[in-house]
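Below: one structure, written as structure tokens.
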């Protein structure tokens, strides 16, 4: 992988992790276009996912600090309730990752028709959420579990994680202003957990053809673009303009299908 390819793929990950257009689907398409080896995919993807988690921590550093400050008061307060909801939202994807790891990995086969079809599904979900009746109730514990279940669908390349979780929250009547923050914070736990398991299980091999400089370039590109996309997406959700991304997903999905 060249430095240019690493930067492009890093930008793709950073932008599409937060925008509702499926980072996994776009990375799979990028891997196909650049001909990146399967073993290199895992190493690079883990690195750039870590970069987007870091950008989330930076953007929401104040909120995260407040959550931990409240947690260490060891009281059932607003902060511990919110953290509990985040933990509940991580349960479905944790179950899927533990018991269906092989089936999940089999989905990442570089099948453009499959990826394109799932992008069409994402576009349809975003469209349905856009035209659904908007309400303003707070995220409950049940809502957190429902949104977390929607996150499981985003394991499939082409299904947007932020799109699935935010759209699901909008459909069940959650406040749009709170949904974006909840959606971005809830991904921290599963991504860090998945990366940690990959590291301790030895799945990450040092025998990769990707050099240190391309890896660093990809990480920085994902981090910087993630910062911009995260801020942008929060404002987009508040204004309810997700329909534009629905159109984008349909267009890219159709191109992927016909290009296969």
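From the list 47, 9, 54, 33, the lone residue that is closer than 22 Å to residue 236 by Cβ and either within 21 Å of the chain's Cα centre (by Cα) or part of a helix (DSSP H, G or I) (or both) is 54.
Does residue 6 count as over 25 Å from residue 122 (Cβ atoms), touching a residue at least 40 places away in the same chain (Cβ under 8 Å) and buried (at least 18 other Cβ atoms within 10 Å of the Cβ)? Yes, satisfied. Residues that are within 15 Å of residue 139 (Cβ to Cβ) and loosely packed, with under 15 Cβ neighbours inside 10 Å within the stretch 54-82 comprise 63, 78, 81, listed in sequence order. Condition test on residue 29, is it at pLDDT 80 or above and farther than 19 Å from residue 184 by Cβ? Taking the combined requirement at face value, the residue satisfies it.
Is there a residue being under 27 Å from residue 33 (Cα atoms), touching a residue at least 12 places away in the same chain (Cβ under 8 Å) and crowded, with 18+ Cβ neighbours inside 10 Å anywhere in the stretch 136-147?
no
Note on the stretch 115-135: among residues that are farther than 14 Å from residue 252 by Cα and surrounded by fewer than 17 Cβ atoms within 10 Å (Cβ to Cβ), the one that is modelled with the highest pLDDT is 128. The set of residues in the stretch 57-77 that are over 14 Å from residue 227 (Cβ atoms) and either in a helix (DSSP H, G or I) or modelled with pLDDT under 85 (or both) comprises 62, 63, 64, 65, 66, 67, 68, 69, 70, 71. Scanning the stretch 172-188 for residues that are within 13 Å of residue 138 (Cα to Cα) and either at pLDDT below 85 or surrounded by 19 or more Cβ atoms within 10 Å (Cβ to Cβ) (or both) yields 174, 175, 176, 177, 178, 179, 180, 182. Scanning the stretch 83-111 for residues that are at pLDDT below 90 and either crowded, with 19+ Cβ neighbours inside 10 Å or not in a helix (DSSP H, G or I) (or both) returns 93, 100, 107, 108, 109, 110, 111. When the residues of the stretch 209-247 are narrowed to those that are surrounded by fewer than 16 Cβ atoms within 10 Å (Cβ to Cβ) and either in contact with a strand residue (DSSP E or B) (Cβ under 9 Å, 6 or more places away or on another chain) or not in a helix (DSSP H, G or I) (or both), which ends up modelled with the highest pLDDT? Top of the filtered list is 241. Quick check, is residue 147 part of a helix (DSSP H, G or I), modelled with pLDDT of 90 or more and out of contact with any helix residue (DSSP H, G or I) (no Cβ under 8 Å at 6 or more places or on another chain)? No, not satisfied.
Residue 142 meets each of the listed conditions (1) assigned to a loop (DSSP other than H, G, I, E, B); (2) modelled with pLDDT of 90 or more; (3) out of contact with any helix residue (DSSP H, G or I) (no Cβ under 7 Å at 6 or more places or on another chain) apart from (1).
The values are calculated or read from the model by the stated rules, or taken from the named source; none is laboratory data. Note that the coordinates shown come from a computational prediction; the quantities given were computed from them, not determined experimentally. FYI the Cβ positions are ideal-geometry reconstructions off the backbone, even for glycines, and counts take in every protein chain you see.
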